[in-house]
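Values quoted throughout were computed directly from the atomic coordinates according to the rules given, and no laboratory measurement underlies them. Here the structure is a predicted model, which is why all the values come from computation and not from measurement. Here the Cβ positions follow ideal geometry from the backbone for every residue, glycine too, while neighbour counts run over all protein chains shown.
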Amino acid sequence: MKRLSVIVSDFDDTLFFNKTALVSAAKDLYETVLMEKNSEEDYKTLNDLEITIGKGKIPKGFSKKWKSELYTLAYVKYNGKLLPNEPLIKYLNEGIMGGNQLIILSARGEEFREQTEALLNAYSLNYSEVILAENHELKDEEWKLLKIKELSEKYDHLILFEDKEENIRYILNNLKVDNIECYLVDHSIITKI
Ligand SMILES: [Mg+2]
């Protein structure tokens with residue numbers, strides 16, 4: 001009997017790099033915060049935004065309100081600035097031609113479905129499903145674990161691609177199944193964990 005096999009891939013910083021979009025979004029937000037009344041929160045927000053503008057990364061403890069504004073700017077206004085991980089896209093499309101299904105699994109949220117699918121289609125990724133977080137009640141890694149568990153019950157074999165090693169470790173430590181294979185993605189470097 002043919003085994004049902006699925007490739008599951010994360011989106012941000014795995015299939016598409018969001019650093020340039022985040023930096024542009026942080027610059028916009030920086031201007032907005034500057035124009036608002038001075039408060040202690042704004043001072044911290046400005047510092048955090050400076051870090052994002054410099055490194056393209058969101059610092060820990062970044063205010064929830066501003067974080068959501070930042071992602072909305074990055075994923076909607078600057079969606080066109082997300083850059084494809086072309087070697088991985090090519091590799092996954094070859095996997096699909098070899099008979100695997102591709103599912104995109106991202107905690108970025110349902111609110112960005114249109115932009116997410118537009119990018120996938122623009123780079124001809126033959127995915128069968130895009131699963132996005134319905135809300136942000138769970139931590140990203142907890143939500144991913146839940147979805148991977150559901151998928152591991154549905155398929156005989158699951159191959160996961162993800163850029164955050166801590167997410168992979170969290171899934172492997174909490175999901176005691178032997179039908180998943182996890183790969184850490186760092187640009188074109190893919191390492192089995
Ligand atoms: Mg990611």
Q: Go through region 6-80 and name the GluC sites (Glu not before Pro) that are in a DSSP coil and have 16 or fewer other Cβ atoms within 10 Å of their Cβ.
A: GLU36
**Q.** Overall dimensions of region 137-193 as given by Cα atoms, namely Rg and Dmax in Å
**A.** 11.1, 32
**Q.** Rh by Kirkwood over Cα pairs, then Stokes-Einstein D for the chain at 1.002 mPa s and 20 °C, µm²/s
**A.** 121
Q. Of all DSSP beta bridges located in the chain, what percent are antiparallel, nearest 5?
A. 25
Q. Membrane-span-like helices in the chain: DSSP H runs reaching 18 Å or more (Cα, own axis), mean Kyte hydropathy at least -1.0?
A. 19-35, 40-55
(Q) Below 8 Å between Cα atoms, with a sequence gap of 6+, how large is the relative contact order for region 19-80 in percent? (A) 49
Q: Please give the calculated 222 nm ellipticity per residue for the chain, where each DSSP H segment of at least 4 residues contributes -39500 (n - 2.57) and the sum is spread over every residue; nearest 500 deg cm²/dmol?
A: -14500 deg cm²/dmol
**Q.** Amide H contacts of ILE131 (H built 1.01 Å from N, under 5 Å, at least 5 apart or other chain)
**A.** ILE104, LEU105, SER106
Q.
Let me check against my output: what whole-number percent is the relative contact order of the chain, with C-alpha pairs under 8 Å and at least 6 apart?
A. 28
Q. Of LYS19/LYS154; LYS60/LYS90; LYS65/LYS144; LYS55/LYS154; LYS55/LYS192; LYS81/LYS154, which sit over 29 Å apart, Cα to Cα?
A. LYS19/LYS154; LYS60/LYS90; LYS55/LYS154; LYS81/LYS154
Q | All aspartates and glutamates inside 18 Å of LYS164 as judged from Cα atoms, apart from same-chain residues fewer than 8 positions distant | A | ASP10, ASP12, ASP13, ASP140, GLU141, GLU142, GLU181, ASP186
Q: Please find the FRET efficiency linking MET97 to LEU146, where r is the Cβ-Cβ separation and R0 is fixed at 35 Å, and quote it to the nearest 0.05.
A: 0.70
